[in-house]
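**Student:** If you scroll down you'll find the structure; I have some questions about it.
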Amino acid sequence: MKTNKLSIIITAAALLLSTVVIDACKKDINPDAFTGGTPYLLIIPSGLPKMDIPANNPLTVEGVALGRKLFYDPILSANRTMSCASCHNQSYSFTDSNKQFSTGIDGIKGTRNAMNLVNLGFQKKFFWDGGAADLESQVIGPIQNPVEMHESLANAIHKLNTDSVYPGLFKKAFGGDTINTSMLMMAIAQFERTMISGNSKYDQYVRGVATLTAQELNGKQLFEDASKGDCTHCHVLGSTFSDFEFKNNGLDSIYTDPGRYKITLLASDSGKFKTPSLRNIALTAPYMHDGRFTTLQQCLDHYNTGFHYGAHLDPVLSTAVKGRMTAQDMTDIIAFLNTLTDTAFINNPAFKHP
Amino acid sequence: MNIYSSINKFAGITLITGAILFSSCRTKDKINGITPEIKNYGSLTVKVSNEAGGQPITFGTMSFTNAAGNKYSVDLLKYFVSNFTLIRNDGSERNFGNYKLIDASDTSTCSFTLDSVANGSYKAIRFYLGVDSLHNHTVLNQGDLNPISGMVWSWNTGYIFFKHEGSYINDTGTSKILLYHFGTDAALSTVDIPITQFDINSNKKTLYIKFDLNSLYNAPNTINFTGNNFHQSTELSDRIWLGNLRTNFSSSFTFDKVQ
């Protein structure tokens, strides 16, 4: 009996000690602490790769909704006249209609064509020269660029913090009573990761629910054929339609814009620009980093006969035969490129002005 | 009996659980695996004074002359000091892994405190002038690395390690802009300050170091502002300037005292 009593006492003491210790540990935990928003279920259409979402910025319903509101809100520009959507219009696959260069809040034009904002979550570096090292860091570029929204980060954050609506929305998405630069970058990046295109006629054809015409099928074959279009070296067929690498495609032999070189200062990167995705390519004219070509025919003419043999020309192109495509070949390739238009994407209500 | 034996087992499990919980709480109190002992550790404050030719920096006046003979002014002077490391007499090192943005116009930014510094004798200080590549490839950072400071490039993700903006008098006597924005991974500069010996203890817990702009523009590479007055680290023509400044940073910092 003594032993039994003793064991009960020990048990009680041990329980008490555990409780005290557990309580001591719990002291750090604030019951009101932010535990994260509602996880956002991202649906990736078949055919597209897995998206690597950074662990420090998981998608949440609140974060994506906030990013969408910010994307369309001119509050981020210095004089509240422009938003991201001013130059990235959903109807044109988030490019700036048919403009070669976009005009910023001070009436000054930029020097590069507004990029197609499609499937950004699969890409590693942003801007035509890859200067932005991640999607979050990209956000501060256009906000601060004097020829775009021309606003200081400090003022942008101040405007958000003194707004009647944003502090509550940021708190729901990220917790905390004060909006900071990280939260701004994270929200917009979250929305951008949801902007996925994977339901073009071509995608439907791959899934067996649509058929391509004989001309479109021929165009697809020429697109892949190394002795004809030879497009797939860079515009990888079947998913993102880009390797998202930096290539010199022979636009010039003397560079007015040195491209990737500006970021790396490597001579070998002179005249290199990011391979753009060809998704929705029929909607994103004009083409190339400087919007020099207004039609897809001009682009194909360039790759067929127009490219320059500069010192940094991509090896694939430097060994390609000039004049390898006939006029009919190019017409068929364009017919195939037109199958990459995703009308569900440009009409998706989830990407519209909230 | 069965019930009591169960209770005994339960007591044992509870004790073990308690012990595990207790020790897991203890682990939290350790810093870098070392349990601090009050007598042997303390905080150390590092204070940086900013000078040019031994004179305190005054802003907006053409008050300084570099070794090349250029008169110049300072409107803005900011730089990052990171991974502050103390090297003990026995050669062992402690890297505090910190990131400090110093704004010479605001003395409240010119000091930082390191926690749990071991008392004893030291022989050298080392730190980076700049931000290591681990933190230089995103601006999704807060604290001193918050991009709101303006110490980032918005078109090329990364921190501007060092910024001096002002003006200088060129060869023909005209005042011209001086804009030095120094950075990129390749420009990360290691500053080594060897010191004969210094002690850190409860009576000596503030370390004073000096940064001198004229030294930065003097040794070992003399920087002449003429035709060399505008650099943003993004052109091939910036490369020589980047290399020269990178080398010069070590001699621009000196140990003053510990007290």
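**Student:** Tell me, yes or no, whether region B:57-75 has at least one residue that is surrounded by 18 or more Cβ atoms within 10 Å (Cβ to Cβ), hydroxyl-bearing (Ser, Thr, Tyr) and part of a strand (DSSP E or B).
**Tutor:** yes
**Student:** Given the criteria of a type in the set (S, T, N, Q), in contact with a Ser or Thr (Cβ under 9 Å, 6 or more places away or on another chain), buried (at least 16 other Cβ atoms within 10 Å of the Cβ) and assigned to a loop (DSSP other than H, G, I, E, B), does B:Ser215 qualify? Don't jump to the end; show me each part of the working.
**Tutor:** Details: of a type in the set (S, T, N, Q): yes; in contact with a Ser or Thr (Cβ under 9 Å, 6 or more places away or on another chain): yes; buried (at least 16 other Cβ atoms within 10 Å of the Cβ): yes; assigned to a loop (DSSP other than H, G, I, E, B): no.
Here the answer is no, as B:Ser215 does not meet what is asked.
**Student:** Looking at region B:183-197, is at least one residue touching a Lys or Arg at 6+ places or on another chain (Cβ under 6 Å), without any contact (Cβ under 8 Å) to a residue 60 or more places away in the chain, assigned by TED's automatic domain parsing to the domain that holds B:Leu114 and closer than 15 Å to B:Val81 by Cα?
**Tutor:** Yes; the residues of region B:183-197 include at least one that is touching a Lys or Arg at 6+ places or on another chain (Cβ under 6 Å), without any contact (Cβ under 8 Å) to a residue 60 or more places away in the chain, assigned by TED's automatic domain parsing to the domain that holds B:Leu114 and closer than 15 Å to B:Val81 by Cα.
**Student:** Limited to region A:149-158, what total is found for residues that are within 15 Å of A:Leu70 (Cβ to Cβ) and more than 10 Å from chain B (Cβ to nearest Cβ)?
**Tutor:** Going through region A:149-158 one residue at a time, the tally reaches 2.
**Student:** Would you point out the residue of region A:171-192, among those that are outside any helix (DSSP H, G or I) and in contact (Cβ under 8 Å) with a residue 40 or more places away in the chain, that is nearest to the other protein chains (Cβ to nearest Cβ)?
**Tutor:** Of all residues in region A:171-192, those outside any helix (DSSP H, G or I) come to A:175-180.
Add one more test, that the residue is in contact (Cβ under 8 Å) with a residue 40 or more places away in the chain, and what stays is A:175-176.
On the way: A:Gly175: 13, A:Gly176: 11 Å.
Only one residue tops the list, namely A:Gly176.
**Student:** I'd like to know if region A:159-170 contains one or more residues that are within 14 Å of another protein chain (Cβ to nearest Cβ) and in a loop (DSSP other than H, G, I, E, B).
**Tutor:** Checking region A:159-170: not a single residue is within 14 Å of another protein chain (Cβ to nearest Cβ) and in a loop (DSSP other than H, G, I, E, B).
**Student:** Filter region A:258-289 down to the residues that are farther than 23 Å from A:Cys87 by Cα, in contact (Cβ under 8 Å) with a residue 60 or more places away in the chain and surrounded by fewer than 23 Cβ atoms within 10 Å (Cβ to Cβ) and list them by number.
**Tutor:** Within region A:258-289, A:Lys262 is the sole residue that qualifies.
**Student:** So, one more: Please tell me if A:Asp106 is surrounded by fewer than 20 Cβ atoms within 10 Å (Cβ to Cβ) and either on the phi < 0 side of the Ramachandran plot or over 14 Å from the mean Cα position of the chain (by Cα) (or both). Spell out the reasoning first.
**Tutor:** Numbers: surrounded by fewer than 20 Cβ atoms within 10 Å (Cβ to Cβ): yes; either on the phi < 0 side of the Ramachandran plot or over 14 Å from the mean Cα position of the chain (by Cα) (or both): yes.
In short, yes.
**Student:** Any residue in region A:64-73 that is in contact (Cβ under 8 Å) with a residue 12 or more places away in the chain and part of a loop (DSSP other than H, G, I, E, B)?
**Tutor:** From region A:64-73, those in contact (Cβ under 8 Å) with a residue 12 or more places away in the chain are A:64-72; that's our starting set.
Those still in the list that are part of a loop (DSSP other than H, G, I, E, B) too: A:72.
So far as region A:64-73 goes, yes, one or more of its residues are in contact (Cβ under 8 Å) with a residue 12 or more places away in the chain and part of a loop (DSSP other than H, G, I, E, B).
**Student:** Being touching a residue at least 40 places away in the same chain (Cβ under 8 Å), part of a loop (DSSP other than H, G, I, E, B) and either more than 14 Å from chain A (Cβ to nearest Cβ) or farther than 25 Å from B:Val152 by Cα (or both) is the filter here, so list the residues in region B:220-239 that pass it. Quick ask: steps written out before the conclusion?
**Tutor:** Going through region B:220-239, the residues touching a residue at least 40 places away in the same chain (Cβ under 8 Å) turn out to be B:222-226, B:229-234.
Pick out the ones that are also part of a loop (DSSP other than H, G, I, E, B) and you get B:222-226, B:229, B:232-234.
Result: B:Thr222, B:Ile223, B:Asn224, B:Phe225, B:Thr226, B:Asn229.
**Student:** Consider A:Asp243 against the criteria (1) surrounded by 20 or more Cβ atoms within 10 Å (Cβ to Cβ); (2) in a loop (DSSP other than H, G, I, E, B): it satisfies all of them except one. Which criterion is unmet?
**Tutor:** Going through the list (1) surrounded by 20 or more Cβ atoms within 10 Å (Cβ to Cβ); (2) in a loop (DSSP other than H, G, I, E, B), A:Asp243 breaks only (1).
**Student:** Pick out the one residue from A:Ser137, A:Ser91, A:Ser86 that is part of a helix (DSSP H, G or I) and within 14 Å of chain B (Cβ to nearest Cβ). Can you show your working first?
**Tutor:** Details: A:Ser91 fails: within 14 Å of chain B (Cβ to nearest Cβ); A:Ser86 fails: within 14 Å of chain B (Cβ to nearest Cβ).
Checking each option against the conditions leaves just A:Ser137.
**Student:** If you go through region B:160-177 one residue at a time, do you hit one that is among the acidic types (Asp, Glu), more than 14 Å from every other protein chain (Cβ to nearest Cβ) and free of Cβ contacts under 8 Å to residues at least 24 places away in the same chain? Steps first, please.
**Tutor:** Of region B:160-177, the ones among the acidic types (Asp, Glu) are B:165, B:171.
Imposing the further condition that a residue be more than 14 Å from every other protein chain (Cβ to nearest Cβ) reduces the set to B:165, B:171.
Within this subset, residues satisfying the condition of being free of Cβ contacts under 8 Å to residues at least 24 places away in the same chain are none.
No, because not a single residue in region B:160-177 is among the acidic types (Asp, Glu), more than 14 Å from every other protein chain (Cβ to nearest Cβ) and free of Cβ contacts under 8 Å to residues at least 24 places away in the same chain.
**Student:** Criterion first (within 14 Å of chain B (Cβ to nearest Cβ) and in contact with a strand residue (DSSP E or B) (Cβ under 8 Å, 6 or more places away or on another chain)) does A:Lys109 satisfy it?
**Tutor:** no
**Student:** Would you check which residues across region B:104-142 are under 20 Å from B:Phe249 (Cβ atoms) and within 14 Å of chain A (Cβ to nearest Cβ) and list them?
**Tutor:** If the condition is that a residue be under 20 Å from B:Phe249 (Cβ atoms) and within 14 Å of chain A (Cβ to nearest Cβ), then B:Val131, B:Ser133, B:Leu134, B:His135, B:Asn136 are the ones that fit.
The values are calculated or read from the model by the stated rules, or taken from the named source; none is laboratory data. All values derive from a computational prediction rather than experimental measurement. Note: ideal-geometry Cβ built from the backbone for every residue, glycine included; neighbour counts use all protein chains shown.
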